[in-house]
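For reference, the structure discussed in these notes is given below.
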Amino acid sequence: MTDGVAQQKKSFNHNYSQTENWSYWDSQDPLTQYLLTRRLRIAVDRVMQITQADPADWNVLVLCGGVGGEGSFLANYGFKSITVSDISETALQVCNKRDSRLETRVINAEQLELPDESYDLVLVQDGLHHLPRPVLGFTEMLRVARKAVIVIEPHLGLVANLLGMTWENHGGTVNYVFRWNALLLKQATKSYILESPCYIQAIRLWNHNLLMAKVGKILGGKQGAVLAVKSFYFILDWLFWWLGNMMIGIVIKYDPQQ
């Protein structure tokens, strides 16, 4: 384990030990749920559409899964089994209490101690950019995935350069915010799987959930707030997708058109 990974583990264990109140993942508020699951739903819907698969036939590994919010979404979506992994034992203890449907496993995302093609789908959301070696984490995802990989991470672009953070501080442990784009996704994938047939797609979109949550509260009304926020995101993603600050990267480890 590198010094950077060890520091991240120490920091996240400390942070997760400060509270067990992660109820926002289980909130019944429609706006909160929409904001938390929007990117996940776009990504998973797209993979299921491309592969024409039944989620009930797939098992999933979530990297950097923390207290299991993404895992709960995937369980609700109908996947056969979900394993939430994280470097923090404390986070996974909370995960076990939150949702008994989820399996947990302590894993260093840069070095997955798992056999090749162990899981049908491997997914990460806002986790790779915490790693000292994000691309290594991504190629480990490619190795362990049998069918597909989903990466939801910050996008490299004008808006991110102007408004995004360069450094994140978690309990005194600092990490660089590594950002992706379509070319980096393609090159990292091709360099690992070489000439094997595959499908690669980078979906660029906007994600400013803190701002949208404030807008929703100002507008008031649960359903009205969700409709308004959906409309804002629709306009941004339709007219200004080329400025989007977020990337959904999808890799299917075979060519669906063949």
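The values are calculated or read from the model by the stated rules, or taken from the named source; none is laboratory data. Remember, predicted model here, so these are calculated numbers, not experimental data. All Cβ positions, even for glycine, are placed from backbone atoms using ideal geometry, and neighbour counts span all protein chains on display. Protein only, heavy atoms only, side chains kept; ligands, DNA and RNA dropped before computing areas. Shrake-Rupley method; radii C 1.70, N 1.55, O 1.52, S 1.80 Å.
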- request: Give, rounded to the nearest 20 debye, the magnitude of the charge dipole that the chain has about its Cα centre when Lys and Arg contribute +1 at Cβ and Asp and Glu contribute -1 at Cβ.
  value: 620
Proximal aspartates and glutamates relative to residue 217, as straight alpha-carbon distance under 20 Å, when same-chain residues fewer than 8 apart are discounted: 26, 29
task: Could you pull out every one of the lysines with an alpha carbon less than 24 Å from that of residue 147, ignoring same-chain neighbours closer than 8 positions?
output: 80, 186, 190, 253
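Is it possible to state the helix-based mean residue ellipticity at 222 nm for the chain, with each DSSP H run of 4+ residues giving -39500 (n - 2.57), the sum divided by total residues, to the nearest 500 deg cm²/dmol? What is it? Mind dumping the intermediate values first?
Working: 9 runs with 114 residues, N = 258.
Helix-only estimate at 222 nm: -14000 deg cm²/dmol.
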statement: Hull surface over four for the Cα convex hull of the range 125-173, reported in nm², is 4.3
- prompt: Among rounded, prolate and oblate, which fits the range 126-233 when a ≥ b ≥ c are the square roots of the eigenvalues of its C-alpha gyration tensor, a/c under 1.5 means rounded, and a/b larger than b/c means prolate?
  reply: prolate
- prompt: Which of the peptides 132-145, 189-202, 239-252, 55-68 is most tightly packed, and how do the rest follow, judged by the mean count of other Cβ atoms within 10 Å per residue?
  reply: 55-68, 132-145, 239-252, 189-202
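Could the peptides 207-214, 101-108, 22-29 be put in order, highest first, of the mean number of other beta-carbon atoms found within 10 Å of their residues?
Numbers: 207-214: 15.6, 101-108: 18.1, 22-29: 13.0.
Highest to lowest by the protection proxy: 101-108, 207-214, 22-29.
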message: Using a 1.4 Å probe on the protein heavy atoms, what percent of the accessible area of the chain belongs to carbon and sulfur?
response: 55
field: Dipole magnitude of the range 178-258 about its Cα centre (Cβ charges: Lys, Arg +1; Asp, Glu -1), debye to nearest 20
entry: 340
- prompt: How big is D for the chain, in µm² s⁻¹ as a whole number, if Stokes-Einstein is applied with the Kirkwood radius of its Cα pairs at 37 °C and 0.692 mPa s?
  reply: 174
- line: For the range 165-243, the charge dipole (Cβ of Lys, Arg +1; Cβ of Asp, Glu -1; about the Cα centre) points to a positive end, and the Cα of 229, 203, 191 closest to that extreme belongs to 229
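With contacts defined as alpha carbon pairs under 8 Å and 6 or more residues apart, what's the relative contact order of the range 206-258 in percent? Spell out each step's value before the answer.
Values: 22 pairs, mean separation 23.0, N = 53.
Reported relative contact order: 43 percent.
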